[in-house]
1. What are the residue pairs meeting all of these: first residue in the stretch 236-261, first residue without any contact (Cβ under 8 Å) to a residue 12 or more places away in the chain, second residue of a type in the set (D, E) and within 10 Å of ligand 1 (Cβ to nearest atom), Cβ atoms under 9 Å, and 6 or more apart or on different chains?
2. Scan the stretch 264-281 and report the pairs whose first residue is over 18 Å from G91 (Cβ atoms) and in the same structural domain as N240 (by TED's automatic domain parsing) and whose second residue is open to solvent by less than 20 Å² (accessible area, probe 1.4 Å) and within 16 Å of ligand 2 (Cβ to nearest atom), with Cβ atoms within less than 7 Å and a gap of 6+ or a chain change.
3. Can you tell me which condition S251 does not meet? The list is (1) farther than 20 Å from V349 by Cα; (2) away from ligand 2 (no atom under 16 Å from the Cβ), and all the others hold.
4. Do we have A38 as in contact (Cβ under 8 Å) with a residue 24 or more places away in the chain and either open to solvent by 10 Å² or more (accessible area, probe 1.4 Å) or within 22 Å of A322 (Cβ to Cβ) (or both) here?
5. Would you be able to say whether some residue in the stretch 115-124 is under 20 Å from the mean Cα position of the chain (by Cα), open to solvent by 30 Å² or more (accessible area, probe 1.4 Å) and polar (S, T, N, Q)?
6. So which of G310, G269, G255 ends up being open to solvent by 30 Å² or more (accessible area, probe 1.4 Å) and either away from ligand 1 (no atom under 16 Å from the Cβ) or at pLDDT 95 or above (or both)?
7. Tell me which of these L205 doesn't satisfy, since it passes every other one: (1) away from ligand 2 (no atom under 16 Å from the Cβ); (2) modelled with pLDDT under 95.
8. If you go through the stretch 260-299, how many residues are assigned to a loop (DSSP other than H, G, I, E, B), more than 16 Å from ligand 2 (Cβ to nearest atom) and not β-branched (V, I, T)?
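The values are calculated or read from the model by the stated rules, or taken from the named source; none is laboratory data. Predicted model, so just to flag it, every value in this text is computed and none were measured. Please note: Cβ atoms are built from the backbone with ideal geometry, for glycine as well, and neighbour counts cover all protein chains shown. Ligands, DNA and RNA are stripped out before the accessible areas are found, and what is left, the full protein with its side chains, is counted by its heavy atoms. Shrake-Rupley method; radii C 1.70, N 1.55, O 1.52, S 1.80 Å.
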Amino acid sequence: MNIAILPGDGIGPEIMAEAAKVLDVLRRDGLKVETETALVGGAAYDMHGHPLPPATLKLAQEADAVLFGSVGGPKYDALPRELRPEKAILGLRKECDFFANLRPATVFPELADASSLKPEIVAGLDLMIIRELTGDIYFGEPRGVTGEKGHRVGINTMHYTEAQIVRILHAGFRTARQRSKRLCSIDKMNVLEAMQLWRDIANELAPEYPDVELTHMLVDNAAMQLVRNPKHFDVVVCGNMFGDILSDEASMLTGSIGMLPSASLDANGKGLYEPIHGSAPDIAGKGVANPLAQILSLAMMLKYTFNLPGPAARVENAVRKALASGLRTGDIARQGERVCSTAEMGEAVVRGL
Ligand code: IPM
Ligand code: MG
């Protein structure tokens with residue numbers, strides 16, 4: 001197994017160091033993994049003048065899987081769009097065709113009271129958002145700002161081909177089949193033609209999955225239902241933009257965005273695995289970030305790319321044990337609770353293994 005390690009910016013390198021410790025234990029216990037590390041995002045821009053240098057892209061393309069940290073920081077905010085750190089993750093998704101983004105939102109029993117919602121609303125929550133990653137307004141043309149000052153026009157285009165919609169909906173149906181057999185497809189067909197196409201295609205595919213119950217929901221209603229009654233949902237499938245927004249919302253149901261991993265898969269199961277949080281420049285370099293989303297991203301990699309549910313569960317259980325031992329990083333600590341460091345949490349997971 002060849003894993004490309006791309007720590008990136010901000011807290012990325014700090015949390016990646018803890019995931020590397022976990023990987024070391026698995027390797028010691030017989031897992032055959034080779035890793036190679038490369039710069040990405042702002043760190044790559046500083047060194048090579050581009051957030052996704054050719055060598056980094058090549059490493060990602062040749063690896064079996066990519067473990068990604070996070071990119072971005074205020075230092076890079078003034079750069080032209082093409083050179084911004086975010087361009088690295090968007091470029092990797094597009095170039096490697098990582099179109100199916102799996103974003104689980106699971107409430108660990110140990111953390112049911114960390115959510116800003118009442119514990120009874122979120123306890124036991126286990127939902128999976130499947131977000132399309134290579135189309136939509138993120139990549140649609142035309143785009144840009146035209147015209148003269150006083151009359152400028154900003155343009156972005158929601159653009160989806162039938163092929164793009166079909167493949168992500170299949171991913172949704174298949175995932176639903178493995179879980180509760182309920183799939184909720186999100187769109188905005190009451191206003192947008194592209195989303196009418198999305199809904200039509202969902203209905204056309206449904207007969208191929210007679211065992212899955214397909215429902216539809218408009219995205220504004222979905223945003224509301226997610227905080228009203230999140231356990232109503234099991235598998236949710238949506239386009240790139242709506243998935244970006246709804247997955248951040250769903251993450252807060254679980255108490256902390258610092259807990260949530262994600263997988264971005266191509267058609268062959270190769271994938272990029274990353275925390276759903278960003279580079280958190282405000283706490284970078286202080287050794288206080290929560291490394292669990294990065295470690296759980298590694299667990300997802302074992303499960304989805306390498307088909308090793310046993311070792312994946314072993315890592316997840318070790319995370320549960322670290323939480324059960326009472327350790328809390330700042331993002332999940334309640335008022336008055338002792339706050340542990342990134343390394344303390346990582347080492348607790350290693351002990352749990
Ligand atoms: C995410 C992030 C990215 C996105 C940014 C960093 C480009 O918010 O992975 O959700 O918008 O997709
Ligand atoms: Mg986002």
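1. none
2. Taking only residues 6 or more apart or on different chains, not a single pair turns up.
3. (2)
4. Yes, satisfied.
5. No; the residues of the stretch 115-124 include none that is under 20 Å from the mean Cα position of the chain (by Cα), open to solvent by 30 Å² or more (accessible area, probe 1.4 Å) and polar (S, T, N, Q).
6. One residue alone meets the criteria, G310.
7. The single condition L205 does not satisfy is (2).
8. The total comes to 13.
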